[in-house]
Amino acid sequence: MTELEQLVRSAEQEVSRVMEICNACRYCETYCAVFPAMTRRLAFDDTDAHFLANLCHNCGACLHACQYAPPHEFAVNVPRAMASVRRNTYANYAWPAIFSALYRRNGVALAVATAAGIALFLMLAIALRGPLWIAQPGGNFYAVFPHNTMVAMFGLAFAFAVVGLAIGSARFWRGQSPGAITGAAAAEASRNVLALTYLGGGHGDGCNEQDDRFTLVRRRFHHLTFYGFVLCFASTTVATLYHYAFGWAAPYGLLSAPVVLGTIGGLGLLVGPAGLFWLNVKRHPLQGDPAQKPMDRAFIALLLGTSLSGLGLLALRATPAMATLLALHLGCVMAFFVTMPYSKFAHAVYRTAALLKWAVERRQPNRLRLSSD
Ligand code: SF4
Ligand code: SF4
């Protein structure tokens with residue numbers, strides 16, 4: 001296949017081409033869910049390509065195992081083909097559709113959103129409170145941004161993100177026509193999401209990063225990021241409950257539930273994304289889609305900015321730096337919320353949907369009867 005032929009081929013056509021070769025080879029049949037799902041098909045249309053692409057966790061095992069990988073003339077590179085289609089999934093199903101263009105220059109879009117978020121909160125802080133560098137006794141955030149102002153702004157941004165992601169994933173789900181969801185299928189998909197099963201590589205030893213060696217670091221950094229995010233979210237939820245249900249106003253003590261959850265979650269969101277950034281920089285050049293590195297790195301940088309500013313705010317909340325750090329932190333969180341449907345965050349939603357579809361599909365009769373799964 002010439003370079004020109006590769007260029008004119010759409011990402012979905014490339015997935016179809018490599019899947020047809022893999023379907024004849026089957027060497028990687030036990031590596032992950034992609035290959036057993038592949039064996040249930042003889043041809044791969046765009047819908048199949050989007051399903052399989054989001055089922056792929058980019059562990060890299062099938063690239064390092066492949067006898068047809070570049071420089072072989074077949075140039076089979078499953079992780080790269082899948083990564084290219086995944087970005088099309090995010091863009092194709094984005095809501096509102098006009099925002100799908102944000103995926104084309106996603107790194108720039110996230111950088112602009114972060115800068116705008118920080119600038120907005122710095123200006124708001126000055127307008128509402130005056131000079132930023134005056135210490136606030138007790139580290140009271142609400143003396144800088146009134147509670148109701150924050151709730152209204154972040155509630156709206158979060159609701160917009162949830163609606164955008166829900167509409168996108170519902171369209172993806174409808175297009176896949178997966179069939180009825182049983183309890184067993186939902187439980188299996190949940191287990192695979194929470195354990196990140198398919199970041200275990202072909203045999204549970206982990207992913208390939210730079211070479212043929214297996215390592216579980218990708219899964220561990222993903223877990224730290226994911227559960228760090230969940231704990232930070234839990235911290236905010238508990239604080240909201242304290243405020244509205246019990247009338248306990250912030251700031252809370254260092255050993256209170258919101259602060260403990262937020263601190264542990266913040267540390268997870270610091271170590272996990274830092275590790276993922278390091279892996280992104282040193283990964284084998286054939287892995288993944290090089291065009292998506294700005295999207296990946298901008299999202300990781302935004303996570304790091306959020307956790308660093310949050311932990312800094314906790315450490316320095318009783319000092320004159322509090323108002324500035326609060327504006328930085330809120331600016332990062334706002335940028336994170338409004339870009340959730342148009343950033344790398346979308347991969348979590350579509351991958352969950354693909355895992356659920358696979359859990360449903362593998363319980364249905366295999367019409368081809370070409371594999372046991
Ligand atoms: S990735 Fe390569 S080795 Fe694995 S099934 Fe496909 S063609 Fe075969
Ligand atoms: S990169 Fe990993 S998850 Fe993706 S298809 Fe290959 S083995 Fe499966």
message: Suppose a student asked you for the relative contact order of the chain, using Cα pairs under 8 Å spaced at least 6 residues apart; what percent would you report?
response: 28
message: Test of understanding: what is the full-extension gain from residue 112 to residue 352, defined as 0.36 nm times their sequence separation minus their Cα-Cα distance?
response: 83.6 nm
field: Inter-site label distance for residue 205 and residue 170 at 7 Å from Cα along Cβ, in nm
entry: 4.6
task: Using only the Cα atoms of region 3-91, build the gyration tensor, take square roots of its eigenvalues as a ≥ b ≥ c, and label the shape rounded, prolate or oblate: rounded if a/c is under 1.5, else prolate if a/b is larger than b/c, else oblate.
output: rounded
- prompt: If you wrap a convex hull around the C-alpha atoms of region 57-152 and split its volume per residue, what is the figure in Å³?
  reply: 197
Residue-by-residue Karplus 3J(HN,Hα) for region 316-329, coefficients 6.51, -1.76, 1.60, Hz, glycine and proline x: 10, 5, 9, 10, x, 7, 4, 4, 5, 5, 5, 5, 4, 5
query: Top mean-square fluctuation among 166, 157, 245, Gaussian network model of the chain, C-alpha springs under 10 Å?
result: 245
- prompt: If the chain between residue 284 and residue 237 were fully stretched, how many nm would it gain, using 0.36 nm times the residue separation less the Cα-Cα distance?
  reply: 12.9 nm
field: Zone residues, region 64-82, relative to residue 212, backbone N less than 17 Å from point 7 Å out along Cα-to-Cβ
entry: 64-72
- prompt: Going by Cβ distance under 4.7 Å, what cysteines of the chain have no possible disulfide partner?
  reply: 22, 25, 32, 56, 66, 232, 332
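What is the extension gain from residue 24 to residue 244, computed as 0.36 nm multiplied by their sequence separation minus the C-alpha to C-alpha distance, in nm to one decimal?
Numbers: separation 220, 0.36 × 220 = 79.20 nm, distance 6.03 nm.
The residue 24-residue 244 span can extend by a further 73.2 nm.
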- line: As straight-line cross-link partners of residue 293, the qualifying lysines (C-alpha separation under 18 Å, not fewer than 8 residues apart within one chain) are 282, 344
message: Compute the orientation-averaged projected area for the chain from the convex hull of its Cα atoms and round it to one decimal in nm².
response: 19.6
statement: Residues 278, 95 in order from fewest to most other beta-carbon atoms within 10 Å are 278, 95
Approximate spin-label separation residue 126-residue 148, in nm, with each point projected 7 Å along Cα-to-Cβ: 2.7
Sites residue 68 and residue 271, calculated FRET efficiency, Cβ-Cβ separation with R0 51 Å, nearest 0.05: 0.85
- prompt: What order do you get for 174-181, 12-19 when each peptide is scored by the mean count of other beta carbon atoms within 10 Å, highest first?
  reply: 12-19, 174-181
Listed peptides 216-229, 74-87 by packing density, highest first (mean Cβ within 10 Å): 74-87, 216-229
- request: Compare the peptides 321-332, 286-297, 143-154 by average per-residue count of other Cβ atoms within 10 angstrom and give them in order, highest first.
  value: 321-332, 286-297, 143-154
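Every number in this text was worked out from the coordinates using simple rules, so none of it is lab data. No experiment lies behind these values; they were computed from the predicted model shown. Using ideal geometry, Cβ is built from the backbone for each residue, glycine included, and neighbour counts are taken over all protein chains shown.
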